[in-house]
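Working notes for the structure below.
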Amino acid sequence: MVWNLQYDLSAWFVFLILIAYYASKRNLPIQRNYAFFTLMMSSFMLDTVDIIASYVASFPGRFPTQLNYAVNVIYYMVLAEVPFSFSFFCSFLFSRQRANNARYFIQAIPMFACIITAILTPWTKYVFYLDIQGVFHYGPGRIIFFYETMFYLAACLYEVIMNGRQMLMVAHLFSLYTYIVVTAIGYVIQFFFQPYAQVVSLAALISTLAVFLTFQGPDYYRERRTGFFDARGLQLTVTEDYRRGLHRPFSGFIFENYGALKNAYTEEIVTALLRQVATYVRTIAPKNTTFYLRNGVFLGLLGSKDDAIVMRDQLNERFQHPFVYRGNEYTLRPRFFYDPGLIPYESYEELRATVWAAISKAREDNNALSVLITEQIYEKARQTFAIERATIEAIVHNAVEVYYQPIISAETGKVVSAEALARVCDRQMGIIMPDDFIPIAERNGSISRLGEQVFAKVCEFVKNHDMEALGLDYIEVNLSPIQCARSNTAQRYLDILKEYEVDPSYINLEITETENTQGEVARNNILRLSSRGVDFSLDDYGTGYSNMVNTIRLPYSIIKLDRSLVNEYYCSDSNILLHLINHFNNSGKQVVAEGIETEEMRDALAQMGCSYLQGFFYSPPLPQAAFLRYVEEQNK
Ligand code: C2E
Ligand code: MG
Ligand code: MG
C-alpha cells in the first residue's frame, strides 16, 4: 500500500516556519516555554519521521529491512513522546509548587512503556511487522499508542477542568480544549478509520497552532514599544525562580522625569525615545533577559558574570547626551537600582514593592544616582505590602473601623461634632493608622471603596442615634482628593445618604486641597453635593496646597487649621494666626483648630476666635461606644 502523505507534507512546512519563527525570537526563560518548544519540536520530528517511514514502507524491497524497521521504531518512539510533551507542558502551566521530579517520573511511565514496546517490536512483532517481501503490517499492539495518547489527553483535560478556571484566562482555556479535542479526533480517525492517511500530524499542527496563537507565541509577553518583556513576563519568570529557591541579581533604572515627559510629549515621541533607550540597553546587555515595566522602569536579570556597576556606568554615560528624534533633542535622567540577589523575595509583588521603595528612597536621599536594594528597603516594602493586604482585606470584609474624635465648641465647651477617622485592625499588626494605609489605598485605587465604607458607617451611626439629644450638629468625614477627582463620587455619596435616609445637613465632608482637587471634576462633585445640603470643610489649612484662593473658590463653610500651623504660631510673636482667624470669621466661615494638646493652647485659640477645638487635650479618636460615653459625660 502507499501512504497518503499530503497531510504530512503540508503540516511539515508550516511547522518548519513556526519553529523557525519561534526560535528566531527571544523567549521568556521559563520552563513552560522550554516545554512548549519541546512539544513543537517533537511534533515536527513526528511529522518528519512519519514522512520518511511512510516513504520507506511504501516501497517494499527497495530499502533494507533494517532501515525499514529502524525508521518505524523511531516513528513509534516519537509518537509516544508527543502526548507526554503536551502533558509536561500542561504541568508547567498549572504547577503551583516547586517542580517535583518524582511526579514527572511517574507521569512519564506510560511513555516509557510505549517506547520500550516500540524498541522491542523488531523481535516481538507486536506493534508492526514486515513480512518476507518487506511489506509493512500493523501488529496487534499498535493500539497501545492510541491508549497512551488518550491517557495523557485525559489527564490534561482533568487538570484543565479542575484548575483552569482559577489559573488561566478564558482564551487560554479555550486553546487547551482545542488542543485536546483536535488531537483526540486526529487519533481516532487515524487509528480506526484511515490507517494509511497520517491525520495525526495535521491534528498536531492545528492544535499546536491554537496554543501558539493564543498564548505561547514569542510576542505574548512582549512590551510593544521597547520589544522587551513586560511586567507579566517578569512576574512569570521570577515566580518560577522563587519557587525553585533561585534569587537572581537584577538591575535597572527609571526615568526620573518620565511622568512629566509623558505629559509634555506626544505618544509618538515617547515611543521613539523608549525605543532608542531599549536599543542602547540591548547593545550593553545583549544576552540579558530585559523587561520594561511601564512608568519608565527598565529592569534586567543579571547573570553571574555581569557587572552591574560597569553596565550602569555605560548607560549613565549614554544618558549624559540627549536622545535625538526628528532633529529635536530630549534629555532623559535615569536613576539606577541594583539588587545583588541576596534578598529572599517570596513573590513578584514583593519584588515590585521593593523596587518602588528603593526608587522613592533614592528620591529622598538627595537624588542619589543609584540605589542598592538592601534588606532594610525590602523589610519596609514588606511592611507596606502587609498593610496593603490588610487594608484590602478590611475593605472586602466591610471591616474598616470608624473612630470618632470629639470636636468641642470653644464657646460652650460642649461636644458639638466629631471627626470620623478610619482604622484598619489586623490580627498580626494590630491597629493600622490612616497615615500608613490611606496613601496606599489612594495609590492602588481602593480609596473609593474605603471612603464609601467609612461614609456608610457614619450614616448608619447618624441614622441609629438621636443626634439632637446627643448635642451633635454634624459628623465630619474625610473625603480623599483622589475621590474628588472621580466623576461618580457625588452620586455614590448621595446614594449612600439615601440608602440610610440621612439628612445631608448632618454631614460635613473634609477635603485637603491637593492638585487632585483643583480640576473641573472635583469642583462638580463638591458643588453637586453642596447643592444637596452637604457642607464642606477645608482640612489641614496651612500645609501643602492650601492657599487663600482655595478658601473662596469652593463652598467651604469650615476651615480647619492644621496642627502644624497651630503649633507653630499659637504662642509666637507673630500675629499671623490671629489675622487668619479674624479674616475667616469676617468672611462668614468658622474655624476649627486641630491638634489642641494643652490647656494653654485651648485658651489661646479660643481667645483668638476659633469656633471649634479638636485635639488630644479633649480626647483622642475613640471607638464608637467610647465616643458615645464621652459625649454623654461631657454634654450632661
Ligand atoms: P486629619 O483629617 O487631619 O485628621 C486629624 C488627625 O490628627 C487624626 O489622625 C487625629 O488622630 C490626629 N490628631 C487629632 N488631634 C491631635 C492632637 O492633639 N495631637 C496630635 N499629634 N494628633 C492629633 P489620624 O486618625 O491618624 O488620621 C490621619 C489622617 O488620615 C487624617 O488627617 C486624614 O487626612 C486621613 N484619614 C483618616 N480617616 C480617613 C478616611 O476615612 N478617609 C480619608 N480619605 N482620609 C482619612
Ligand atoms: Mg480630617
Ligand atoms: Mg486635618
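The values are calculated or read from the model by the stated rules, or taken from the named source; none is laboratory data. Please read these numbers as outputs of a predicted model, since none were measured by experiment. Cβ atoms come from the backbone with ideal geometry, glycine included; neighbour counts cover every protein chain shown.
Table for the structure above
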quantity: Odd one out for THR543, checked against (1) among the β-branched types (Val, Ile, Thr); (2) free of Cβ contacts under 8 Å to residues at least 60 places away in the same chain; (3) crowded, with 17+ Cβ neighbours inside 10 Å; (4) within 15 Å of ligand 2 (Cβ to nearest atom); calculated: (3)
quantity: In the stretch 283-339, the residues that are among the basic types (Lys, Arg) and assigned to a loop (DSSP other than H, G, I, E, B); calculated: LYS287, ARG294, LYS305, ARG326, ARG333
quantity: Unmet requirement for ARG232, which otherwise passes all of (1) part of a loop (DSSP other than H, G, I, E, B); (2) free of Cβ contacts under 8 Å to residues at least 40 places away in the same chain; calculated: (1)
quantity: Hits in the stretch 163-189 (condition: assigned to a helix (DSSP H, G or I) and at pLDDT below 90); calculated: ASN163, GLY164, ARG165, GLN166, MET167
quantity: In the stretch 417-430, the residues that are surrounded by fewer than 21 Cβ atoms within 10 Å (Cβ to Cβ), touching a residue at least 12 places away in the same chain (Cβ under 8 Å) and out of contact with any Phe, Trp or Tyr (no Cβ under 6 Å at 6 or more places or on another chain); calculated: CYS425, ASP426, GLN428, MET429
quantity: Subset of the stretch 68-116 [farther than 22 Å from VAL127 by Cα, modelled with pLDDT of 90 or more and among the aromatic types (Phe, Trp, Tyr)]; calculated: PHE86, PHE88, PHE89
quantity: Residue, nearest to ligand 3 (Cβ to nearest atom), within the stretch 561-614, restricted to residues that are closer than 18 Å to ILE407 by Cα, touching a helix residue (DSSP H, G or I) at 6+ places or on another chain (Cβ under 6 Å) and assigned to a helix (DSSP H, G or I); calculated: ILE581
quantity: Yes/no for THR551 being within 38 Å of the chain's Cα centre (by Cα), at pLDDT below 95 and either closer than 25 Å to GLN405 by Cα or within 13 Å of ligand 2 (Cβ to nearest atom) (or both); calculated: no
quantity: Within the stretch 551-595, tally of residues that are under 19 Å from ASN478 (Cα atoms) and either within 16 Å of ligand 1 (Cβ to nearest atom) or not assigned by TED's automatic domain parsing to the domain that holds PHE616 (or both); calculated: 13
quantity: Only listed residue being within 16 Å of ligand 3 (Cβ to nearest atom) and crowded, with 17+ Cβ neighbours inside 10 Å, chosen from GLY471, GLY451; calculated: GLY451
quantity: Filter result for the condition that a residue is among the aromatic types (Phe, Trp, Tyr), surrounded by 15 or more Cβ atoms within 10 Å (Cβ to Cβ) and under 41 Å from the mean Cα position of the chain (by Cα), over TYR158, TYR104, TYR152; calculated: TYR152
quantity: Every residue from the stretch 241-297 that is under 14 Å from PRO334 (Cα atoms), surrounded by fewer than 16 Cβ atoms within 10 Å (Cβ to Cβ) and without any contact (Cβ under 8 Å) to a residue 40 or more places away in the chain; calculated: GLY259, ALA260, TYR280
quantity: Some residue of the stretch 377-391 being under 25 Å from GLU515 (Cα atoms) and within 15 Å of ligand 2 (Cβ to nearest atom); calculated: no
quantity: Test: residue in the stretch 363-384 that is among the charged types (D, E, K, R), more than 16 Å from ligand 1 (Cβ to nearest atom) and surrounded by 15 or more Cβ atoms within 10 Å (Cβ to Cβ); calculated: yes
quantity: Residue tally, condition within 16 Å of ligand 3 (Cβ to nearest atom) and under 17 Å from GLU599 (Cβ atoms), over the stretch 396-421; calculated: 2
quantity: Residues that are surrounded by 14 or more Cβ atoms within 10 Å (Cβ to Cβ) and either in contact with a strand residue (DSSP E or B) (Cβ under 6 Å, 6 or more places away or on another chain) or β-branched (Val, Ile, Thr) (or both), drawn from the stretch 29-70; calculated: ILE30, THR38, THR48, VAL49, ILE51, ILE52, VAL56, ALA57, ASN68
quantity: Any hit, the stretch 321-344, residues being closer than 21 Å to LEU28 by Cα and touching a Lys or Arg at 6+ places or on another chain (Cβ under 6 Å); calculated: yes
quantity: Residue selected from the stretch 446-476 under the condition under 30 Å from GLU633 (Cβ atoms) and not in a helix (DSSP H, G or I), by the criterion nearest to ligand 1 (Cβ to nearest atom); calculated: GLU476
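For (1) in the same structural domain as ALA264 (by TED's automatic domain parsing); (2) more than 23 Å from GLN428 (Cα to Cα); (3) among the aromatic types (Phe, Trp, Tyr), each residue gets a yes or a no:
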| residue | (1), (2), (3) |
| --- | --- |
| ARG326 | yes, yes, no |
| GLU329 | yes, yes, no |
| PHE336 | yes, yes, yes |
| ASP339 | yes, yes, no |
| TYR345 | yes, no, yes |
| LEU351 | yes, no, no |
| SER360 | yes, yes, no |
| ARG363 | yes, yes, no |
| LEU369 | yes, yes, no |
